[in-house]
Amino acid sequence: MASTSLSTPLPLPPPHPPTSSALALAHLTQEEHDALQAAVFQRLHPRLYLERYVSERVRPDARLFGEGRGVSVDVGSISTADGSALVRMGETTVVCGVKAEIAEPELDRESLGFLVPNLDLTAMCSPKFKPGPPTEEAQVLSDRLNHALITSNFVSLESLCIHPGKAVWVLYVDATCVNYDGNAFDATLLAMVAALRNTTLPQATYDPETNRTVCSRRLPRVPLQLAKSTPISTSFGIFDSKYVLLDPTAFEEPLLDTSLSIVLGDEGDIVSVAQVGSLVVSVSEGEGEGGEEVRKDVLAECIASAKLRRAEVVDALNVT
Amino acid sequence: MASDTRQDKRKHNEIREIRISYDGLARVDGSARFGFGMPVTPGDTAALASISGPIEVRLAAELPSKATFEVLVRPLSNVPATEAKSLAASIRSTLEPSLILTKNPRTLVQLVVQSLSPPRDALSLSAAMVNASSLALLKASSVPMKGVVAAVAVGQLSSGALVLDPSDEAEVVKGGGVFAFMFADGIGLNDSNTDCLWTSWKSTLGRYDEKELVAARELAREGAQEVYTAMRKSFEHSGEMGVNTNDEEDDDKMEI
């Protein structure tokens, strides 16, 4: 009713009560009102919103392009798991627990144990996800995490052997995202690495006579044999073929043309580089607006920046 | 030096013979088969891709400003599992920059890729899948494109030497990866407009340096160029497709 009376010009508009939204906004201060307007703008025009920020060389959460979010790692908080960790990367929070079980090895790999990483993106961590079977995103992330842990040889599968052909350890590395704010891959890999570092196994022996494996109650639990080099991932996104954003948030992620994840080991070794989309960005050379647009490949820059970020993350990991 | 030579006596930068055919699947808009190596040889790697679209989209997947691009990967045996999903996601994001999806909003472009080889050489297989998909897209010529994506795998022998188009696990002992490039002809510059769209380089020993990665990428660029040339040639020779081929080329030129 209100809208029709507004659109038809009347000689004497009937006095009508203020609309409900105007009422709701009446008590807001100017500052709150501006914040609300910005939030509405962000929701309706996400791309334009981000463009406005990056053209000022800053991101919506006040970070610079090459700046990661703060990282904190807490280990051993889940007492029922054999090893656990909680990682926060900005608002993104991932909990990871390691559960060890004994299983028979595969016939053709009789002295290799199993490592089964999995990530759950539950409905509670973001409105993006719905309850039900794992989404495609979760499956893709789990597969990438599996590859990252396997290719980096972080856990030697040989060391999980109890008795060749009879009994080996299976490590279920289950991660759950508690709060999703982008870059789940980096946060989860870190959580998994921290949880594996925290994991201890009971000393087990296989008895060929009874055909059973026995875990000792008396002997102390032993930590896993892990590689010296810790795989740490750093992800980048490229926005508008121009801006390279380190550690993208959930708001930035869907707007990116390119994503790049670099997994680094100690001493700057590269474990894996996964890139989709073009890494060629156009940058303006020279000063100010008059600069000439030059296209260049940013892979080398990203690797250098990943090395710096890795050092930050490793510091957070070693505090625990 | 013995470890530098390859089992099938190829040179380090030599790809297997490329086999392309358009034995059309009747009920889709376009389909193509792409293979590295001849079908009878034990080390052949092939994939079959089909395109349907633009077709009606499920309400849940509808996008108001562009077409939904869906990729399904079917392994040779078993039902698609996590690995196939992950590969499908990679293929999807590799091909997406080459498509102009904004021309057909609220529709679906569906790509189905069927593996025709056992996953003995997973890297080359993913490259063959990308190539087959590109060809199917060209053959269908129902989705406007900015360029053509060609992919090739690179492996690293135990000696550290890089080899193009690894045909079995022995050739990716130290590491390996797939590289995809987009080729956009029509503006004259032949190599400056090959954009690398997909890199997945992994080292099995957990270490390599930047130089190796760049070397592998350059080797792959050469190989992808060769694949692209073969793709072009196959299209020029497939007589019945003459008209569509020209349309496609025109699209290329206009959109760049």
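The values are calculated or read from the model by the stated rules, or taken from the named source; none is laboratory data. Quick caveat, the model's predicted, so the values are computed rather than measured. In this analysis, Cβ positions are derived from the backbone assuming ideal geometry, glycine residues included, and neighbour counts consider all displayed protein chains. Remember, those area values only see protein heavy atoms, side chains included, never the ligands or the DNA or RNA. Shrake-Rupley method; radii C 1.70, N 1.55, O 1.52, S 1.80 Å.
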Carbon + sulfur, % of accessible area of the protein assembly as shown - ligands and nucleic acids excluded, 1.4 Å: 55 percent
Rounded FRET efficiency, nearest 0.05, which uses the C-beta distance separating B:Arg106 from A:Ser282 and R0 of 25 Å: 0.20
Rg in Å to one decimal, and Dmax rounded to a whole Å, for the range A:73-216 via C-alpha atoms: 16.4, 55
Choice from A:Gly66, A:Gly132, A:Gly90 showing the highest fluctuation, given a GNM over chain A with Cα pairs closer than 10 Å: A:Gly132
About the Cα centre, charge dipole magnitude for the protein assembly as shown (Lys/Arg +1, Asp/Glu -1 at Cβ), debye: 1220 debye
Cα-based Rg and Dmax for chain A, where Dmax is the largest Cα-Cα distance (Å): 25.8, 102
Positive minus negative residues near A:Tyr206 (Lys, Arg vs Asp, Glu; Cβ under 13 Å): -2
Placed amide H near A:Thr199: partners under 5 Å, 5+ positions off or other chain: A:Leu224
The range B:62-69 - phi-based ³J(HN,Hα) in whole Hz, Karplus 6.51/-1.76/1.60, Gly and Pro as x: 5, 10, x, 10, 7, 6, 7, 10
Kirkwood hydrodynamic radius over Cα pairs of the range B:48-171, then Stokes diffusion coefficient at 37 °C and 0.692 mPa s, in µm²/s: 214 µm²/s
More than 16 angstrom apart: percent of Cα pairs within the range A:135-238: 64 percent
For A:Leu196, net neighbour charge (Lys/Arg +1, Asp/Glu -1) across residues whose Cβ lies under 13 Å away: 0
Across chain A: Cys residues that no other cysteine approaches within a C-beta distance under 4.7 Å: A:Cys96, A:Cys161, A:Cys215, A:Cys302
Accessible area buried, both sides summed, chains A and B with 1.4 Å probe, Å²: 2300 Å²
Table column - 3J(HN,Hα) (Hz), the range B:17-29, Karplus curve with 6.51, -1.76, 1.60, x for Gly and Pro: 4, 8, 10, 10, 9, 10, 6, x, 7, 6, 9, 10, 7
Positions from the range A:263-284 whose accessible area shrinks by 30 Å² or more when the full protein complex is built, not the chain alone, probe 1.4 Å: A:Asp269, A:Ile270, A:Val271, A:Val273, A:Gln275, A:Val276, A:Gly277, A:Ser278
Two-decimal ratio, the range B:77-144, of alpha-carbon radius of gyration to 2.2 N^0.38 Å: 1.19
Long-range tail of P(r) for the range A:226-269 (Cα pairs > 18 Å, %): 38 percent
For B:Glu56, net neighbour charge (Lys/Arg +1, Asp/Glu -1) across residues whose Cβ lies under 12 Å away: +1
Fraction in percent of alpha-carbon pairs per bin - 10 Å, the range A:51-136: 13, 25, 31, 20, 8, 3
Cα Rg, Dmax, the protein assembly as shown, angstrom units: 26.5, 102
Heavy-atom surface of the range A:210-320, accessible at 1.4 Å and reported per residue (Å²): 50 Å²
